[in-house]
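Working notes, structure below.
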Amino acid sequence: MIKTIYKKSFSFLVVFGLIFSATGVLADNGNGQGVSSKPVMPDSTTGSGNGQGIVNKIKSNGNICERITERAGAFQQKASDQESQIKTRNMTRLTNWTTKESEQDAKLAGLRAGWDTNRKNQFSALEAKAQTDAQKTAVANFETITNAAITTRRAAVDDAIKAFRIGMQNAITTRQGQIDQLVSGSAASRQSLWSKAEADCTAGVDAKTVMANLKSGMQAIRTQTQSDKQNVAKINTTVATLVATRKATVDKAFSDFKATMEQARIALKKAFGTTATTNSTPTTTPTTTTTTTTPTTIGN
């Protein structure tokens, strides 16, 4: 039962694996393709010697400036909204993670309280069956050893859970920090590119040149962003290591507890004049074949 509870803490971890999807927003939906795919650009090279060509060029640049200004504002708002959504979503997941941990802790505490009550009742039954001073002393020693072994085991298990959670929190925080930096950096680069396009077309740079620079710049940022995403810390290996370490610690705690209790049972049964046998369950005491039968369980 107790091992099942410890393992459940990792299941939430799998859910917690959904936090990495935040990088998906890096695919640019406002990458300038709408501007460059079907630009409205009158031929600025036409016109007579009366300056019509210059007028056409100014009109062309003016139209592009309007479109760029409109799209730049929309892009900035969309980038801000997406970044806010990412932070909110991640904060919600972390909150859910913390809530889940608290629920697991409360459940385990409740189970342990029940086991403690059951163990005390069985100790009382043992004490009632003890007739001689030797038997009473054996029962008292058994109770002391059992309580100490359970305290030691629980401390080891709790430490394993705590170390696992701290390790996971550190790994997630590190990765999320890199993702947030990547998202904000990519948005800033795009915003800078939009601002330059606005300044260029306002300064009279040829519309085709403005559009070409904007399009190539967006593609370069997108390529760089995809490359940077590959360098974001992966935590799969870290998670596997943390899980293995936690399992090893918990397994050792139960193994040590089992060995201690086996010796305690041997001493107890000897005091009651029975032959000791091996019991593979770390949380049980063997039953006797006489009228002084000991309880079969001592709780976790």
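The values are calculated or read from the model by the stated rules, or taken from the named source; none is laboratory data. Quick caveat, the model's predicted, so the values are computed rather than measured. Heads up, the Cβs are rebuilt from the backbone with ideal geometry, glycines too, and the neighbour counts pull from every protein chain shown. When the accessible area is computed, the model is the full protein with side chains, heavy atoms only, and any ligands, DNA or RNA have been set aside. Shrake-Rupley method; radii C 1.70, N 1.55, O 1.52, S 1.80 Å.
In this structure, residue 153 does not satisfy being within 17 Å of the chain's Cα centre (by Cα) and more than 30 Å from residue 215 (Cα to Cα).
Within region 112-138, the set of residues being open to solvent by less than 50 Å² (accessible area, probe 1.4 Å), hydrophobic (A, V, I, L, M, F, W, C) and out of contact with any helix residue (DSSP H, G or I) (no Cβ under 6 Å at 6 or more places or on another chain) comprises 115, 125.
Just one of the numbered conditions (1) within 30 Å of residue 160 (Cα to Cα); (2) open to solvent by 50 Å² or more (accessible area, probe 1.4 Å); (3) touching a Ser or Thr at 6+ places or on another chain (Cβ under 6 Å) is not true of residue 236: (3). Considering 248, 253, the condition of being closer than 30 Å to residue 165 by Cβ, among the small types (Gly, Ala, Ser), in a helix (DSSP H, G or I) and open to solvent by less than 30 Å² (accessible area, probe 1.4 Å) is satisfied by 253 alone.
Of these, 90, 118, 96, which one is in contact with a strand residue (DSSP E or B) (Cβ under 9 Å, 6 or more places away or on another chain) and either at pLDDT below 95 or over 20 Å from residue 164 (Cα atoms) (or both)? Sole residue among the options that is in contact with a strand residue (DSSP E or B) (Cβ under 9 Å, 6 or more places away or on another chain) and either at pLDDT below 95 or over 20 Å from residue 164 (Cα atoms) (or both): 118.
Restricted to region 215-230, and to residues there that are free of Cβ contacts under 8 Å to residues at least 40 places away in the same chain and of a type in the set (S, T, N, Q), the residue that is surrounded by the fewest Cβ atoms within 10 Å (Cβ to Cβ) is 230. A count restricted to region 197-207 and to residues that are assigned to a helix (DSSP H, G or I) and surrounded by 15 or more Cβ atoms within 10 Å (Cβ to Cβ) stands at 6.
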